[in-house]
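Chemist: The structure's right below; bear with me while I get my questions together.
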Amino acid sequence: AALIYVDDVIIVGNNMSKIQATKTELNRRFTIKDLGILKYFLGIEVVRTKDGIVLSQRKYTLDILRDMGLEGCKPSAFPMEQGLKLDKSDAEERVDAGQYRRLIGRLLYLQATRPDIAYSVNLLSQFVADPRQPHLDAALRVVRYLKTTLGQGILLPKEGGTQLITYCDSDWIGCPFTRRSRTGYLLILGGAPVSWKSKKQSVVSRSSAEA
């Protein structure tokens, strides 16, 4: 199997002779540079352990902390305060929208290996058009949480099996100004997270008879 992103390619397989033949053919047609065993790809670090392969974005996370000037900040044990209800906050002070959008954009990409921040980032991303101080404060708390979990990522176990486990949950009218709920799910295959998402529902029921 091959994963291609622009001019970066990952070749995966359990037959080294076929992998080498594929690289030889690619080099014949396009002239490629063989970087050897995968260690880093699009900001994602790949580490092999006795238990399997670990995917993380430690350096990418450190870059976020550095760019936000929070390398020496007080860390947070949780990405978001429990029960926090954010709204449009029209009466609150506006913040630098460009800075807020850049931060949320980077946190969105960080979700590639961090399902633990999916809910928080999904909630914060709905304020990118007109961010206010409470929104930025909540986003910075996510960054402070990242400081305590720099190396956290995903383990792809060597012997995980094929058992599929699904977790799903939703709040009740979690959005105070649209009256919509937010749902999240996590799929684990063979002990490895393979899919996760947090999303606000697209419609809202006005009574139990409208389900």
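Chemist: Could you tell me which of the residues Ile188, Ile117, Ile165, Ile154 is farther than 28 Å from Lys85 by Cβ, in contact with a Phe, Trp or Tyr (Cβ under 8 Å, 6 or more places away or on another chain) and modelled with pLDDT of 90 or more?
Modeler: Values: Ile117 fails: farther than 28 Å from Lys85 by Cβ; Ile165 fails: in contact with a Phe, Trp or Tyr (Cβ under 8 Å, 6 or more places away or on another chain); Ile154 fails: in contact with a Phe, Trp or Tyr (Cβ under 8 Å, 6 or more places away or on another chain).
Within the list Ile188, Ile117, Ile165, Ile154, the selection yields Ile188.
Chemist: OK, next. Among the residues of the stretch 118-137, write down those that are within 14 Å of Glu93 (Cα to Cα), assigned to a helix (DSSP H, G or I) and open to solvent by less than 40 Å² (accessible area, probe 1.4 Å).
Modeler: Phe127, Pro134, His135, Leu136
Chemist: Quick one: how many residues across the stretch 1-17 are open to solvent by less than 100 Å² (accessible area, probe 1.4 Å) and within 20 Å of Glu45 (Cβ to Cβ)?
Modeler: 6
Chemist: Then there is this: Does the stretch 36-50 hold any residues that are surrounded by 12 or more Cβ atoms within 10 Å (Cβ to Cβ) and either at pLDDT below 90 or in contact with a Cys (Cβ under 8 Å, 6 or more places away or on another chain) (or both), and which are they? Can you show your working first?
Modeler: Looking only at the stretch 36-50, we keep the residues that are surrounded by 12 or more Cβ atoms within 10 Å (Cβ to Cβ), and these are 38, 41-48.
The answer is Leu38, Phe41, Leu42, Gly43.
Chemist: May I pose another question? Among the residues of the stretch 67-101, which ones are of a type in the set (Lys, Arg) and at pLDDT 95 or above?
Modeler: Arg101
Chemist: Turning to a different aspect of this structure: Would you check which residues across the stretch 97-117 are open to solvent by 40 Å² or more (accessible area, probe 1.4 Å) and more than 16 Å from the chain's Cα centre (by Cα) and list them?
Modeler: Gln99
Chemist: Continuing with this model, one more query. Which count do you get for residues in the stretch 74-96 that are part of a loop (DSSP other than H, G, I, E, B), touching a strand residue (DSSP E or B) at 6+ places or on another chain (Cβ under 7 Å) and surrounded by 12 or more Cβ atoms within 10 Å (Cβ to Cβ)? Spell out how you get there, then give the answer.
Modeler: We begin by selecting, within the stretch 74-96, every residue part of a loop (DSSP other than H, G, I, E, B); these are 74-93, 95-96.
Those left that are additionally touching a strand residue (DSSP E or B) at 6+ places or on another chain (Cβ under 7 Å): 89, 92-93, 95.
Add one more test, that the residue is surrounded by 12 or more Cβ atoms within 10 Å (Cβ to Cβ), and what stays is 89, 92, 95.
Qualifying residue count for the region: 3.
Chemist: A follow-up question, please. Identify, by number, the condition in (1) within 21 Å of Val54 (Cα to Cα); (2) touching a helix residue (DSSP H, G or I) at 6+ places or on another chain (Cβ under 9 Å); (3) outside any strand (DSSP E or B) that Gly36 doesn't meet.
Modeler: All conditions pass for Gly36, except number (2).
Chemist: Does any residue in the stretch 93-116 that is touching a residue at least 40 places away in the same chain (Cβ under 8 Å) come within less than 7 Å, Cβ to Cβ, of a residue that is among the aromatic types (Phe, Trp, Tyr) and surrounded by fewer than 16 Cβ atoms within 10 Å (Cβ to Cβ) six or more places away or on a different chain, and which pairs are these?
Modeler: Note: no pairs meet the criteria.
Chemist: Collect the residues in the stretch 18-35 that are surrounded by 10 or more Cβ atoms within 10 Å (Cβ to Cβ) and more than 21 Å from Lys59 (Cβ to Cβ), keeping them in residue-number order.
Modeler: Residues satisfying the conditions are Lys18, Ile19, Gln20, Ala21, Thr22, Lys23, Thr24, Glu25, Leu26, Asn27, Ile32, Asp34.
Chemist: Right, another one. Report yes if some residue within the stretch 84-95 is of a type in the set (Val, Ile, Thr) and over 20 Å from Asp171 (Cβ atoms); otherwise report no. Walk me through it before giving the result.
Modeler: Applying the first criterion (of a type in the set (Val, Ile, Thr)) to the stretch 84-95 yields 95.
After this cut, where a residue has to be over 20 Å from Asp171 (Cβ atoms) as well, the list is 95.
Yes, the stretch 84-95 contains a residue that is of a type in the set (Val, Ile, Thr) and over 20 Å from Asp171 (Cβ atoms).
Chemist: For the stretch 51-69, which positions are open to solvent by 30 Å² or more (accessible area, probe 1.4 Å), assigned to a loop (DSSP other than H, G, I, E, B) and touching a residue at least 60 places away in the same chain (Cβ under 8 Å)?
Modeler: Narrowing the stretch 51-69 to residues open to solvent by 30 Å² or more (accessible area, probe 1.4 Å): 51, 53-55, 58-60, 62-63, 66-69.
In the following step, the residues that additionally are assigned to a loop (DSSP other than H, G, I, E, B) were identified as 51, 68-69.
Those that are open to solvent by 30 Å² or more (accessible area, probe 1.4 Å), assigned to a loop (DSSP other than H, G, I, E, B) and touching a residue at least 60 places away in the same chain (Cβ under 8 Å): Asp51, Met68.
The values are calculated or read from the model by the stated rules, or taken from the named source; none is laboratory data. Keep in mind the model is a prediction, meaning the values are calculated, not measured. Methodologically, a virtual Cβ is constructed for each residue, glycine included, from the backbone with ideal geometry; neighbour enumeration extends over all protein chains shown. Just the protein is used for accessible areas: all its heavy atoms, side chains included, with ligands, DNA and RNA removed. Shrake-Rupley method; radii C 1.70, N 1.55, O 1.52, S 1.80 Å.
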